[in-house]
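Student: Questions regarding the structure given below will be posed in turn.
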Amino acid sequence: MSILADYYRWLLAAHIIAVMFWMAGMYYLPRLFVYHTEALEAGTAHDMFPVMEEKLLRIIMTPAMLAAWVFGLALIFAGQHWPLADAWLISKLVLVVGLSAYHGFLAAERKKLLTGLPPRPSRFYRLINEVLPVLTVVIVVLVVVQPF
Ligand code: HEM
């Protein structure tokens, strides 16, 4: 794995860039769901939302998530973290699997909103958008500070 180790800094840079795009989409998509749901409830114009939601998910979020995983897994080998033993890294990966499941949940919500019947009140999407900052802070502290 020394070849990967030679590119450790490039892999790290690519990983952080991919994570930034992924997180930007994960923060923005629920906001679009809020406006989309409120437009459906008010019976006002809402045709632009499905296009924006699909593009955000397909062009930015999903490729960025896949890139974050590919470069993150490469870093596990480039950084000599295999076999996994560091409690901070194992904890981080558990939280990141949770983030990936949340990504899947948002993708499913997008499909439900396409029916034109809001699956949930807009307040629900406002509230779930409060969870992501907490997860982001914990993940970054785990990987940068490596507290345990
Ligand atoms: C998608 C799956 C992910 C995997 C497999 C992964 C794995 C890794 C690994 C192995 C490192 C190098 C750690 C080291 O050698 O010190 C790293 C660095 C980093 N990761 Fe991830 N990560 C993932 C997702 C994320 C997410 C979602 C975030 C933020 C929300 C994140 C933020 C960071 C940061 C900021 C660094 C740089 C740490 C430093 O250089 O001090 N990662 N990641």
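Student: Would you mind classifying the chain by shape? Square roots of the alpha carbon gyration tensor eigenvalues, ordered a ≥ b ≥ c; an a/c under 1.5 is rounded, otherwise it is prolate if a/b is larger than b/c and oblate if not.
Tutor: The shape class here is prolate.
Student: Kindly state, to the nearest 0.05, the FRET efficiency for residue 13 paired with residue 85, given R0 = 30 Å and r defined as their beta-carbon distance.
Tutor: 0.75
Student: Would you calculate the separation in nanometres between label points at residue 105 and residue 146, each defined as 7 Å from the Cα along the Cα-to-beta-carbon direction?
Tutor: Here the answer is 3.1 nm between the modelled labels.
Student: Roughly how tilted is helix 87-113, in degrees to the nearest 10 and between 0 and 90, from the longest Cα axis of the chain?
Tutor: Tilt relative to the chain: about 20 degrees.
Student: Here is a follow-up. Along the charge dipole of the range 3-145, which of 95, 115, 59 sits closest to the positive end, that is, farthest toward it, with unit charges on the beta carbon of Lys, Arg, Asp and Glu (+1, +1, -1, -1)?
Tutor: In the range 3-145, that residue is 115.
Student: Please report, in debye to the nearest 20, how large the charge dipole of the range 10-127 is about its Cα centre when each Lys and Arg carries +1 at its beta carbon and each Asp and Glu carries -1 there.
Tutor: 100 debye
Student: Further question: Identify, among 27, 78, 48, the residue whose Cα sits farthest towards the positive end of the charge dipole of the range 1-85, taking +1 on the Cβ of Lys and Arg and -1 on the Cβ of Asp and Glu, with the dipole about the Cα centre.
Tutor: Highest projection toward the positive end goes to 78.
Student: Then there is this: Over the range 3-145, average the accessible area per residue using a 1.4 Å probe and give it in Å², no decimals.
Tutor: With all protein chains present, the range 3-145 gives 56 Å² per residue.
Student: What angle, in degrees between 0 and 90 and rounded to the nearest 10, separates the Cα long axis of helix 131-145 from the longest principal axis of the Cα atoms of the chain?
Tutor: The answer is roughly 10 degrees.
Student: So, one more: Under a GNM of the chain (C-alpha, springs under 10 Å), which listed residue has the highest mean-square fluctuation: 85, 14, 68?
Tutor: So, out of 85, 14, 68, the one fluctuating most is 85.
Student: If you don't mind, there's one more thing I want to ask. If you average the alpha carbon positions of the range 92-132 and of the range 54-89, how far apart do those two centres end up, in angstrom?
Tutor: 20 Å
Student: Roughly speaking, to the nearest percent, how much of the chain's 1.4 Å accessible area is carbon and sulfur?
Tutor: 73 percent
Student: Can I ask one more? If each residue of separation counts as 0.36 nm, what is the full-extension length gain between residue 27 and residue 135 once their alpha-carbon separation is subtracted?
Tutor: 37.7 nm
Student: Compute the distribution of all C-alpha to C-alpha distances in the range 33-111, in bins of 10 Å from 0, and list the percent of pairs in each, rounded to whole numbers.
Tutor: Spelled out per bin, shortest first, that is 15, 36, 24, 15, 8, 2.
The values are calculated or read from the model by the stated rules, or taken from the named source; none is laboratory data. Nothing here was measured: the structure is a model prediction, and the numbers come from that model. Heads up, the Cβs are rebuilt from the backbone with ideal geometry, glycines too, and the neighbour counts pull from every protein chain shown. Protein only, heavy atoms only, side chains kept; ligands, DNA and RNA dropped before computing areas. Shrake-Rupley method; radii C 1.70, N 1.55, O 1.52, S 1.80 Å.
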